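*Asks:* Structure in structure tokens, see below.
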Amino acid sequence: MEISVLVVNSNNAEGNDWRNELKGRGYTVLPECLNMSDMLYALTREKVHVVICESSLFNDETIPLFESSQTYFPRIKIVLVGIIDKDYLFSNLSNVAITKKFPAELEKYCDPPILFSDDKMMPEHQVLSVLLDDHFFTGEEAAAILAQLKKLSPGYVTICVRTDYTDDSVHKALNSCVEKYNFTHLLPYRQNEFIIIADKSPTQEFCLHVAADIRAGLLKETNTMFSIGISRLRYRAEELYACRKEAERACAATHMFGHNSIICIDYLGQNDIEYIYPSHKEKRLIEAAMDGDAACALQMLDEIFEVLKENDHIKQSLVNKMVLGILVGLNIAASSRIFVYEKMNINSLSLKKLMAVKTIDAAYAFLKQGICDFANEMDDITEVSRDALFHKLTASEYIPESAEELLQKFKTTLSYINTAIYENSKSDIFSLIREKKKLK
């Protein structure tokens, strides 16, 4: 797990030194912050785990901001570096710690949380459920999670068993087969659906033999109607979700192959990429672009094209059609917000330019530019709304008693209001409330 550290230091040179040292230690270091309003802006916009703050910024005027951080960001550890002149009471600020010198004792605040440990291991079925689901792990993250089981070897096949009801007889029949073949795990995945994971690169013939035993056991021991689907063999932990999708698709093909059947995914076609294609990441790409979050959208784009490039048998014309599908998804999402769609004019996403694309790299470049333009357009539209909100806040004679009251009145979030204030005045929501109260 990456640890994101935010450095808050009014001394630009010293702040840069701290950030460079943190980067050298492998932490993710966020952009420069020179004061407490900068800090609050970053906390509401970024994923922050630890704040390293110079102690001189802790004073009578900023104490309310530290107290607010306790309320709104209780999981973020704030480390004050230096000496606190006055004897402030820290008992109410459990998320604030003091260290006399950077980087003394820094590691104990920045150490990543332990996801798994020997004395508190995540249950086996939970680990497998996470990896079988549509996830956003990198290859390294997926492999690290799977390695916690300490008994799975690369080369994975999943067998999906879908029944029309589940009772003790179904569980007993499936458990009997799993124990007989020393399978790694039988996982009740969804209602009336079970996933069996085999490792150590089992052959298709072996999996068909095991499935035949499962079929015989279900027919003999139960009255349930069922179908059994078998995935392809895959070697990477991050592709377990594709195995699950393949086995589920095979299970669902009863109209073609009949009930109480064993159906291998290869019966439906051997070169399909439908199951390995990360459609959940395409959905996230579109959502991120609609939010104006170009960085997240481009990360999803990279992972989608990683899959496309690995499957080099796909013709360029088909790649272009998949790109067209993403364009259609973006347009459908935008058109659902009618006032947004009417304002958008993105020439880089024109169909004429897509038709001229001749290589997969050119297709990637086309989408990358288009997504950046799309996200920037959305960000600009959002910025207009934020500006309007800021002018409402400053022009109104309304004096809120607290940030919560302000959020309820404008039906939005702390991040949205604070961003509107910060980007128009370099101040923050708590300072604004304090200033309004002074004008009473």
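*Asks:* Which of Arg234, Arg386, Arg190 comes first, and how do the rest follow, when ranked by fewest Cβ neighbours within 10 Å?
*Replies:* Result, fewest neighbours first: Arg190, Arg386, Arg234.
*Asks:* Using a cut-off of 9 Å between beta-carbons, work out the net charge of the residues near Thr222 (Lys and Arg +1, Asp and Glu -1, Thr222 not included). Display every interim value, and only then the final one.
*Replies:* On the way: positive: Lys172, Lys220; negative: Asp167, Glu221.
Overall, the nearby charge balance is 0.
*Asks:* What is the gain in length, in nm to one decimal, between Asn192 and Glu405 on full extension, counting 0.36 nm per residue of separation less the C-alpha to C-alpha distance?
*Replies:* Extending this stretch completely gives an extra 72.0 nm.
*Asks:* Search the structure for amide H atoms under 5 Å from the amide H of Val51, placed 1.01 Å from N in the peptide plane, and list their residues when 5 or more places away or on another chain.
*Replies:* Counting only residues 5 or more places away or on other chains, the set is Leu6, Lys77, Ile78, Val79.
*Asks:* Give the distance, in whole Å, between the Cα centre of segment 288-334 and the Cα centre of segment 195-221.
*Replies:* 36
*Asks:* Something else about it: Positive end of the charge dipole of the chain (Lys, Arg +1 and Asp, Glu -1 on Cβ, about the Cα centre): tell me which of Ala365, Asn347, Leu432 has its Cα farthest that way.
*Replies:* The residue sitting farthest along the positive end of the dipole is Asn347.
*Asks:* For the pair Asn376 and His391, how long in nm is the line joining their label points, each one 7 Å along Cα→Cβ?
*Replies:* 2.5
*Asks:* What Kirkwood radius, in Å to one decimal, follows from the Cα pairs of segment 124-268?
*Replies:* One decimal place: 15.1 Å for the Kirkwood radius.
*Asks:* Taking 7 Å along the Cα-to-C-beta vector as the label spot, tell me the Lys283-Ser427 distance in nanometres, rounded to one decimal.
*Replies:* Calculated label separation equals 4.2 nm.
*Asks:* Next question. Which value, in Å to one decimal place, does the Kirkwood hydrodynamic radius take for segment 279-382 when every pair of different Cα atoms is included?
*Replies:* 13.7
*Asks:* Pick out the long, greasy-scoring helices in the chain: whole DSSP H runs spanning 30 Å or more along their own axis by Cα, mean Kyte-Doolittle at least 0.0.
*Replies:* Within the chain the helices that satisfy the rule are 360-395.
*Asks:* Okay, moving on. Measure off 7 Å from each Cα along the Cα-to-Cβ vector at Gln126 and Asn331, then give the distance between these two points in nanometres to one decimal.
*Replies:* Between Gln126 and Asn331, the simple spin-label model gives 4.6 nm.
*Asks:* Also, I was wondering about something else. Which ordering of Ser336, Ser261 is given by a fewest-first count of other beta-carbon atoms within 10 Å?
*Replies:* Ordered from fewest to most neighbouring Cβ atoms within 10 Å, Ser336, Ser261 come out as Ser336, Ser261.
*Asks:* Non-local amide H neighbours of Ile263 (under 5 Å, H modeled in plane, Pro and chain starts lacking H): which ones?
*Replies:* Ile228, Gly229, Ile230
*Asks:* How fast does segment 7-65 diffuse by Stokes-Einstein, in µm²/s, taking the Kirkwood radius from C-alpha pairs at 20 °C and 1.002 mPa s?
*Replies:* 180
*Asks:* Sequence-distant or interchain residues sharing an amide H contact under 5 Å with Ile3, placed H: which?
*Replies:* The list, which skips near neighbours in sequence, is Thr28.
*Asks:* Still on this model: Once the other residues with Cβ under 15 Å from the Cβ of Pro154 are scored (Lys, Arg +1; Asp, Glu -1), what is the net sum?
*Replies:* Values: positive: Lys150, Lys151, Lys200, Arg232, Arg234, Arg236; negative: Glu140, Asp199, Glu238, Glu239.
Local net charge: +2.
*Asks:* What does the extension gain come out to for Tyr398 and Lys100, with contour length at 0.36 nm per residue minus their alpha carbon separation?
*Replies:* In short, 103.0 nm is gained.
*Asks:* If you take Cα extents along the principal axes in Å from the coordinates, which of [x] 80, 59, 41; [y] 69, 47, 40; [z] 111, 40, 40 do you get?
*Replies:* [x]
*Asks:* Follow-up. From the phi of every residue in segment 268-276, what ³J(HN,Hα) in whole Hz does the Karplus formula 6.51 cos²θ - 1.76 cosθ + 1.60 yield, where θ is phi - 60° and glycine or proline is x?
*Replies:* Residue by residue, segment 268-276 yields 8, x, 8, 10, 5, 10, 3, 8, 7 Hz.
*Asks:* Also: Using only Cα atoms, locate the centre of segment 363-440 and the centre of segment 246-269, then give the distance between them in Å, rounded to an integer.
*Replies:* Rounded to whole Å, the Cα centres lie 52 Å apart.
*Asks:* Counting pairs of alpha carbon atoms under 8 Å apart in space and at least six apart in sequence, what relative contact order in percent does segment 124-268 give?
*Replies:* Relative contact order here is 32 percent.
*Asks:* Tell me, Arg215, Arg434 in order of fewest to most beta-carbon neighbours within 10 Å? Spell out each step's value before the answer.
*Replies:* Numbers: Arg215 19, Arg434 14.
Least to most surrounded, the residues fall as Arg434, Arg215.
*Asks:* Separate question: What net charge do the residues around Lys411 carry, taking every other residue with its C-beta under 13 Å from that of Lys411, with Lys and Arg at +1 and Asp and Glu at -1?
*Replies:* 0
Each value in this text was obtained by applying a stated rule to the coordinates, not by laboratory testing. From a predicted model like this one, the values you see are computed outputs, not experimental measurements. Backbone-built Cβ (ideal geometry, glycine too); neighbour counts: all protein chains shown.
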